[in-house]
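Here's the structure, in structure tokens; my notes come after.
The values are calculated or read from the model by the stated rules, or taken from the named source; none is laboratory data. Everything numeric here is computed off the predicted structure, so don't read it as measured data. Reconstructed Cβ throughout: ideal geometry from the backbone, glycine too, with neighbour counts over all protein chains shown.
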Amino acid sequence: MRRAIWWMTTALAVVAVGGSAYAWGRQQQLNGQAMATMVNAQFDGALHNALADMESLRGALASAMLVADPVSFDRHLSDVAKFAYAGENDLSRLPSNISADHNMNEFLHTVDSQVEHWMISNQNPGAASVQQALTSYYNRAGNVISGLERIVNAPRTTASFWTDGRQLAPAARDGLARLEQSLGTMVSDASIHSSATSGKSKVASPILVQSTDAVKRVEAAAGVDKTAEWKAQLHTTGENAPYYVVSGDTKRGSVRAEVSATTGKLISYHLTRPIGVAKYDFAQAATDAQAWLAHQGYHQVVRADAGNTDGIARFAYQPMISGLPVLDSSFNVVVALDNGQVIGFYEQGKLPPTSLPKVTKALSANALRAKLGPKFHMQSERKVIVENPNGNWVQAMAYEGVLGDEPYRVIIDLQTGHELRVDRLG
Amino acid sequence: MRSGFRSVHLGKWIAFTVLTCALTITSLPSQVKAFTARNLIYGSEGYDVNELQGRLHLLGYYWGKNDGIFGWKTYWAVRTFQYNFGLPVTGDVDMATKQALVKATPNWNYHMDSNGGTNSGSNAGGASGLSPATVVAGDGFSHGSAGLSASDLNLMAHVVYGEARGEPFEGQVAIAAVILNRLHDPKFPKTIPAIVYAPGAFDCVNDGQINLQPNAEARRAVADAVAGWDPTHGALFYFNPAKTNNAWMWARPEIMTIGHHIFTD
């Protein structure tokens, strides 16, 4: 009798534990399924939105081709830019780790940049180059729509079209990969490529600087002389190639710097060391940073920005050409505020022009100011050098001031009067 | 009896001293806090900047918040003040500008500012008297830079910490640089959040490590990348060879290896 009770109790305990485990496991499975369904629904939603926006984009491109009236043309171009941007956003919500190509995104970016350029430059709707580009975009948009439709209409036997465990499901992966591949030839088509989005130059530069000279260049930047143990490694791939990575130790910390193997210029410099409590004067650090830049050969610079985070000050200096600052190019100097030592230097933006960009006929000061909105409360104005949407250096007026409580800078081309861009400051 | 007399006498003396001190303190004019010796420029922070903003506000030149941060509005206010008072218009606050300001605002005191009550500490004389805004910056970026907002920079710091903590410093800068390279590449979305949260783009988003609180080193790495340091020289992708078997990733042309990551074009 006692044995029977023991067996019954054991059996009941096993059933209870097993049942609980099953119920818990089942709950986890249901939770996982619900999560997977939700993820799939989000991917599906992004795909359907992308398709809808591509169809709208194609419609707007057709409308732009069908009218010759500049006002209507601009309105349709505005629609094209809007739908291209929306399409880019939709695509950013789809799985991105299937391919490195991202041709769809590049196509939409190209369309967006190009129509924006046409709108700024008041492009003639009837110009042959415009019509040719619009036709090309229209056809490509049709290809994208066909590709997206194939994925949208693919049979879905389960809720998990997109995911397969933690991986992207083969059907979705192959569909997206095929679509990217089909657009590959478009991206290499130079005739419809906007100059604003053109690829990086890959022309190899010659190696004209020896590794010992690269080390000497960094020696001068670091202000040290015992560099017998330092290493200079040549790199021939990537932007700025060829260049040397120079590394070594000093009493104060370890140095890592990059020197162009073509020009011998310092590309970057970084001293790694512990940063102590900030006690160095910030304004003095700015003066020191400018003196350090002068020591490196950059004499004509103006301080454009300054900041202070975690006991480290960062100062941005813009090069000056004939007394005008170049806004899209800067030298950044990093100063440790524990003792005022320069611990970093980086170049940013494009190389500045070698001479002042020419202006054949500048608009008057009043005509330029008339381009500003009535709510813009201007605080200062100055001539600057900036890059226009075509990638050319031009002279421009920079108007700095506030809209309500927010500081802004409006940059207007000195010659065309076109607004080149608006920067929010601070 | 004699000791009792002494106690009463001592008590009177103490009471008299305390009363005298109290009267002296209350009869003193409101203290005018003067600038410290340090110069102030755009980007300066601290109690001196609070004082600068307070004095400029009193004169009607400054209309922003008294936050102790020398920003654009303070800069323009200083320039206008310098112009109107016949000083060289630089936007930097040197000794001459400070003297002119103090002279122009003899009645200013820190109680006049909305947050002046917090400024009466001994830090005023310190070269690095940091404002509350800087304390906030200790946990994250409090303002943007190079066209990126503070939230963009903080998000990048989360990715750097989630993806590359434990890597050498340049390896952390490299992660931030890859995000910025994507931002400037037409193949990728146009905003930092869209790049970071693109499905499958970053492992730390998938496994939740992006939610870890970044440290100062990660923030410094982001700041250096934003300042222009790109140790990857234009890389758009990276992977850890020990953890990745993705065929197309391995097929990408390698630019360089930093720490445990291979950076590719």
Quiz item: Scanning for something under 29 Å from A:TRP162 (Cα atoms) and either in contact with a Lys or Arg (Cβ under 9 Å, 6 or more places away or on another chain) or touching a residue at least 12 places away in the same chain (Cβ under 8 Å) (or both), does the stretch A:63-77 turn up at least one residue?
Solution: no
Among the residues of the stretch A:315-336, the number that are more than 22 Å from A:GLN395 (Cβ to Cβ) and surrounded by fewer than 24 Cβ atoms within 10 Å (Cβ to Cβ) is 1
Only one of (1) at the interface with chain B (Cβ under 9 Å from one of its Cβ atoms); (2) in contact with a Leu (Cβ under 7 Å, 6 or more places away or on another chain); (3) touching a residue at least 24 places away in the same chain (Cβ under 8 Å) does not apply to A:VAL277, and that is (2)
Picking from A:ALA34, A:ALA21, A:ALA50, the residue that is at pLDDT 90 or above, part of a helix (DSSP H, G or I), farther than 30 Å from A:GLY417 by Cβ and outside the structural domain of A:GLY417 (by TED's automatic domain parsing) would be A:ALA21
Of A:THR212, A:THR237, the only residue that is part of a loop (DSSP other than H, G, I, E, B), at pLDDT 85 or above and under 30 Å from A:VAL259 (Cβ atoms) is A:THR237
Within the stretch B:91-109, residues in contact (Cβ under 8 Å) with a residue 24 or more places away in the chain, surrounded by fewer than 18 Cβ atoms within 10 Å (Cβ to Cβ) and in a helix (DSSP H, G or I) come out as B:MET95, B:VAL102, B:ALA104
Within the stretch B:60-88, residues being among the small types (Gly, Ala, Ser), more than 8 Å from every other protein chain (Cβ to nearest Cβ) and buried (at least 19 other Cβ atoms within 10 Å of the Cβ) number 2
- Based on what the data block shows, is A:LYS226 surrounded by fewer than 22 Cβ atoms within 10 Å (Cβ to Cβ), more than 14 Å from chain B (Cβ to nearest Cβ) and assigned to a loop (DSSP other than H, G, I, E, B)? yes
Scanning the stretch A:365-415 for residues that are part of a strand (DSSP E or B), within 14 Å of another protein chain (Cβ to nearest Cβ) and acidic (Asp, Glu), the one farthest from A:HIS117 (Cα to Cα) turns out to be A:GLU406
If you check A:GLY248 against the conditions, is it surrounded by fewer than 18 Cβ atoms within 10 Å (Cβ to Cβ) and more than 9 Å from chain B (Cβ to nearest Cβ)?
no
If we ask which residues in the stretch B:241-265 are more than 14 Å from A:GLY238 (Cα to Cα) and among the charged types (D, E, K, R), their number turns out to be 1
B:ILE179 vs (1) under 19 Å from A:LEU176 (Cβ atoms); (2) buried (at least 21 other Cβ atoms within 10 Å of the Cβ): all pass except (1)
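The rows are residues; the columns are (1) modelled with pLDDT of 75 or more; (2) under 17 Å from B:ALA34 (Cα atoms); (3) polar (S, T, N, Q).
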residue: B:ARG79; (1), (2), (3): yes, no, no
residue: B:LEU87; (1), (2), (3): yes, no, no
residue: B:LYS98; (1), (2), (3): yes, yes, no
residue: B:LYS103; (1), (2), (3): yes, yes, no
residue: B:ASN109; (1), (2), (3): yes, yes, yes
residue: B:GLY116; (1), (2), (3): no, yes, no
residue: B:GLY121; (1), (2), (3): no, yes, no
residue: B:THR134; (1), (2), (3): no, no, yes
residue: B:GLY138; (1), (2), (3): no, no, no
Restricting the stretch B:197-214 to residues that are among the hydrophobic types (A, V, I, L, M, F, W, C) and facing another protein chain (nearest Cβ under 10 Å), the one farthest from A:ASN40 (Cα to Cα) turns out to be B:PHE202
Expected single match for part of a loop (DSSP other than H, G, I, E, B), within 11 Å of chain B (Cβ to nearest Cβ) and not β-branched (Val, Ile, Thr) among A:ASP423, A:ASP338 is A:ASP338
